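Quick note: the coordinates plus some simple rules give every number you see, no bench work behind them. Since the structure is predicted, the reported quantities are computational estimates derived from the model, not experimental observations. Methodologically, a virtual Cβ is constructed for each residue, glycine included, from the backbone with ideal geometry; neighbour enumeration extends over all protein chains shown.
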Amino acid sequence: MQRLERNAPLPDEMQGVWSVIDQPASQLVVDGAEIICFGSPVIYDFKLVDRVSGAITVSLKIDDPAGEDTFQRANITELVITPTGDFHAYNVKFASQFVRSEP
């Protein structure tokens, strides 16, 4: 698992505009290191990136242990691209599958 600071871009495979699979108006945008989920920016301090058996996982983290619970409930905290190319984002309260939006 590789720790990357806030300003390091997310993996190329995650870059772009994505829509919830059955709700095209609900979008996730990954632009470099910036993540906008459902219209709100995700504010995080660093990320852990892992590539295992063809899957890419990004865990978003903050440096404040006291704020971790609030962060986990208010933001997406995990991004995963499966070996078959499915893109998922989730936190402790929800999970969604995304598809790449048409330009």
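Hey, got the dipole for the chain? About the Cα centre, +1 on K and R Cβ, -1 on D and E Cβ, debye to the nearest 20?
The calculated dipole for the chain is roughly 100 debye.
Given the rule -39500 (n - 2.57) for each run of at least 4 DSSP H residues, summed and divided by the residues of the chain, what is its mean residue ellipticity at 222 nm, to the nearest 500 deg cm²/dmol?
So the calculated ellipticity at 222 nm is -1500 deg cm²/dmol.
How would you rank Glu5, Glu68, going from fewest to most other Cβ atoms within 10 Å of each one's own Cβ?
Glu5, Glu68
Tell me, Val30, Val92 in order of fewest to most beta-carbon neighbours within 10 Å?
Neighbour counts put them in this order, fewest first: Val92, Val30.
Quote to one decimal, in nm, the extra length available between Asp86 and Ile43 on full extension: 0.36 nm per residue of separation minus the C-alpha distance between them.
On the way: separation 43, 0.36 × 43 = 15.48 nm, distance 2.41 nm.
So the extension gain works out to 13.1 nm.
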